[in-house]
Amino acid sequence: MTELMPDLLKNIRDSKPLVHHLTNYVTVNDCANITLSIGASPIMADAIEESADIATISQAVVLNIGTLNAQTIPAMIAAGKAANSINVPVILDPVDAGASTFRNQTVNQLMSEVNFSVIRGNISEIKYIAGLDAITKGVDASDNDIKNIDESRTVAQKLAKRLKTVIAITGIVDVISDGNQVITIANGHKKMAEITGTGCMCTSLIGAYCGGNPDAIFQATATAILSMGIAGEIAYEKVGKLGNGHYHAAIQDVISLLTEKILRERACVTID
Amino acid sequence: MTELMPDLLKNIRDSKPLVHHLTNYVTVNDCANITLSIGASPIMADAIEESADIATISQAVVLNIGTLNAQTIPAMIAAGKAANSINVPVILDPVDAGASTFRNQTVNQLMSEVNFSVIRGNISEIKYIAGLDAITKGVDASDNDIKNIDESRTVAQKLAKRLKTVIAITGIVDVISDGNQVITIANGHKKMAEITGTGCMCTSLIGAYCGGNPDAIFQATATAILSMGIAGEIAYEKVGKLGNGHYHAAIQDVISLLTEKILRERACVTID
Amino acid sequence: MTELMPDLLKNIRDSKPLVHHLTNYVTVNDCANITLSIGASPIMADAIEESADIATISQAVVLNIGTLNAQTIPAMIAAGKAANSINVPVILDPVDAGASTFRNQTVNQLMSEVNFSVIRGNISEIKYIAGLDAITKGVDASDNDIKNIDESRTVAQKLAKRLKTVIAITGIVDVISDGNQVITIANGHKKMAEITGTGCMCTSLIGAYCGGNPDAIFQATATAILSMGIAGEIAYEKVGKLGNGHYHAAIQDVISLLTEKILRERACVTID
């Protein structure tokens with residue numbers, strides 16, 4: 001089987017889910033815009049005084065630790081718990097897990113207090129979560145970690161089974177597992193690594209897809225990652241030669257014009 | 001009468017007012033850039049240690065509660081009071097008023113401690129302030145609220161009269177009132193709702209216009225909103241088909257190239 | 001001699017230095033993207049709990065006080081000291097020094113506790129640091145201050161000698177001194193002043209160049225500023241007429257496509 005479920009994109013545009021972000025200030029504008037471009041509605045509210053309240057009116061909650069600080073950690077936990085209590089999916093982007101003790105402790109704390117529907121990271125970040133050795137360098141995966149897709153499959157599947165969550169490892173080939181099946185996606189463009197926030201935006205798309213398709217989290221996650229990969233490909237074909245500024249803008253362009261047809265025609269997906 | 005005052009744009013470019021923003025981190029870059037594009041000078045300083053000092057060297061102060069937190073509320077109040085004390089106009093953007101108790105309490109506190117020259121929001125936010133029922137969903141107006149322009153006129157006029165401030169309700173048709181007159185503006189493009197921050201940018205433009213025209217706050221506010229609407233229209237005509245990334249950039253383009261002539265030719269304005 | 005050292009750009013792309021930023025939330029996305037576009041890797045981490053840890057795995061640290069607050073000052077000092085202890089270059093961007101007592105005190109504190117390899121500002125900001133009279137208006141240099149290049153040369157050279165650091169004054173003509181030599185750069189475009197963050201982005205480029213060339217800080221700083229100036233020129237030639245949104249994006253374009261050849265052909269540099 002190599003087909004993703006149809007209508008996942010349509011369901012976003014029909015229901016326009018509210019996606020609550022507690023996220024970093026580096027890429028937050030891109031996250032809000034890509035959430036709008038895919039057809040959902042973003043809200044960013046990271047004060048402890050309101051993060052749980054906002055979670056309860058949202059259809060998905062995204063926790064991204066890119067620019068972590070002591071004020072936002074309890075707000076993240078409160079939002080995550082509030083979402084858990086009403087079965088709203090919560091997605092974790094463990095940006096740079098492994099890079100500092102503070103980040104590691106925070107990831108541990110978040111994972112012990114909140115049930116995540118999806119965790120998306122690069123191989124370094126996910127291996128940190130899995131308790132394996134990983135050297136994190138900036139927000140990019142270390143070179144040593146991107147060679148082996150078989151390893152990614154094993155890590156994703158075992159971790160997903162252990163944590164009872166969907167694990168998504170994005171990279172040259174993306175690997176997504178729910179603990180049983182594994183989906184691989186060979187879309188995307190290497191130049192996406194030169195635009196800050198393509199990982200964060202991917203996580204926002206997961207929020208939008210899960211918010212619009214709460215009963216199909218695994219397929220929703222894969223289709224979000226597929227959407228991002230295809231956006232990176234088409235945007236590069238259209239304007240990549242002009243340079244990174246145009247490429248950055250064109251990624252938003254493609255998401256805003258994305259259709260189920262484009263997803264079907266472009267998908268390089270395996271499911272097994 | 002259907003003519004806005006001339007020279008309001010020219011006055012900005014001649015005097016280059018400093019517009020102090022205490023605003024959210026989602027759209028702050030766009031707010032700074034649109035302030036520069038219209039011909040004013042932005043400064044963003046939200047620490048309590050300096051927000052009042054910066055207000056005293058500014059020609060307008062914008063308070064935007066998009067990503068509110070406990071640290072910035074006293075800084076907003078200090079900046080607002082400092083501006084009030086020297087008759088510098090203060091503009092409020094009550095983003096998502098109605099969406100959480102924290103946001104509502106903060107709006108109440110800001111309104112009780114600071115005198116605003118202008119309050120700009122969508123119909124949901126302004127109805128919250130007016131004490132009417134409103135359901136806020138994300139930063140967009142609820143569907144139930146955008147049907148009735150007559151209602152917007154009534155709400156804006158009564159609230160403006162009661163608060164002795166200019167009230168601006170932006171939406172498909174924008175309604176601005178000083179409590180006596182009502183200006184309606186039918187410019188803009190529905191796709192503006194797919195770009196995060198078009199509301200915030202509009203409020204920054206109000207800051208720039210009021211800073212450059214402190215003796216014509218009502219007309220300055222209307223011309224700022226007209227400028228934003230026209231930017232949304234022309235930008236969509238030029239690049240809208242390319243997608244949201246290009247559309248986002250083009251809004252800044254149009255503001256930077258805006259002239260009094262374009263304002264006159266495009267304006268769909270009624271004043272009564 | 002009017003030649004800058006070759007291979008400084010190549011060294012960035014070969015070593016991909018990690019550039020740690022404690023910076024403002026207005027222009028942080030542009031700073032991250034320009035760091036990637038020049039070939040380095042950005043990380044933004046401003047919590048006191050991790051800022052020193054991240055500094056110790058970085059090749060350069062950038063401290064930018066654009067949106068200063070009480071939480072980030074100790075984090076900046078910790079990152080700066082950690083970098084100092086292992087000879088990682090630290091670059092200061094004293095945004096709006098002179099504009100408020102809080103900003104001034106912070107600059108004084110940073111300079112007394114951290115050894116900076118490079119300080120880059122406009123003439124107002126650098127004159128504040130030099131203890132001379134300067135009136136800071138927003139993030140732009142005051143008109144009174146941009147007339148006199150001879151004065152900039154004198155200020156930069158004396159201050160660099162006194163502080164044993166590289167001083168860079170950017171403006172219509174950029175002046176860089178290590179206390180002995182003075183480099184002037186006549187590249188750039190006046191329209192760069194209409195895009196927020198061209199100063200901040202320039203400082204990020206200095207971080208990238210210094211991180212990739214730690215034994216040639218003076219030349220690295222000058223080449224970073226030259227790169228920014230050339231980006232402003234070429235971007236304006238390509239799309240400036242379209243307006244500020246396109247111009248903003250095109251600056252990133254040019255940096256991502258920059259070559260040593262372009263640097264050589266475009267450079268308007270004097271060294272003496």
If the requirement is being more than 25 Å from A:VAL90 (Cα to Cα) and in contact (Cβ under 8 Å) with a residue 12 or more places away in the chain, which of these qualifies: A:ALA160, A:ALA250, A:ALA216? A:ALA250
Is there a residue being within 29 Å of A:MET192 (Cβ to Cβ), touching a strand residue (DSSP E or B) at 6+ places or on another chain (Cβ under 9 Å) and among the hydroxyl-bearing types (Ser, Thr, Tyr) anywhere in the range C:252-267? no
Reported set for the range C:184-201 where residues are under 20 Å from C:GLU237 (Cβ atoms), within 13 Å of another protein chain (Cβ to nearest Cβ) and touching a strand residue (DSSP E or B) at 6+ places or on another chain (Cβ under 8 Å) is C:ALA193
Hey, B:GLN105 within 10 Å of another protein chain (Cβ to nearest Cβ), open to solvent by 10 Å² or more (accessible area, probe 1.4 Å), part of a helix (DSSP H, G or I) and closer than 28 Å to B:LEU132 by Cβ or not: yes
Working only within the range C:73-83, note down all residues that are open to solvent by 10 Å² or more (accessible area, probe 1.4 Å) and either within 22 Å of C:ILE126 (Cα to Cα) or basic (Lys, Arg) (or both). C:ILE73, C:ILE77, C:LYS81
Of all residues in the range B:28-67, which are under 17 Å from the mean Cα position of the chain (by Cα) and closer than 21 Å to A:ALA75 by Cα? B:ASN64, B:ILE65, B:GLY66, B:THR67
In the range B:1-17, which residues are buried (at least 23 other Cβ atoms within 10 Å of the Cβ) and within 11 Å of chain C (Cβ to nearest Cβ)? B:PRO17
Can you name every residue in the range B:34-48 that is touching a Pro at 6+ places or on another chain (Cβ under 8 Å) and either open to solvent by 10 Å² or more (accessible area, probe 1.4 Å) or without any contact (Cβ under 8 Å) to a residue 12 or more places away in the chain (or both)? B:LEU36, B:ILE48
Give me the residue from the range A:49-65 that is open to solvent by less than 10 Å² (accessible area, probe 1.4 Å) and in contact (Cβ under 8 Å) with a residue 40 or more places away in the chain and, out of that set, farthest from the other protein chains (Cβ to nearest Cβ). A:LEU63
On the given criteria, is C:ILE86 open to solvent by 20 Å² or more (accessible area, probe 1.4 Å) and more than 10 Å from every other protein chain (Cβ to nearest Cβ)? yes
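The values are calculated or read from the model by the stated rules, or taken from the named source; none is laboratory data. Treat the numbers as computed from the prediction; the structure is a model and nothing was measured. With ideal geometry, Cβ positions are generated from the backbone for all residues, glycine too; neighbour counts draw on all protein chains shown. Ligands, DNA and RNA are excluded from the accessible area calculation, which covers all protein heavy atoms including side chains. Shrake-Rupley method; radii C 1.70, N 1.55, O 1.52, S 1.80 Å.
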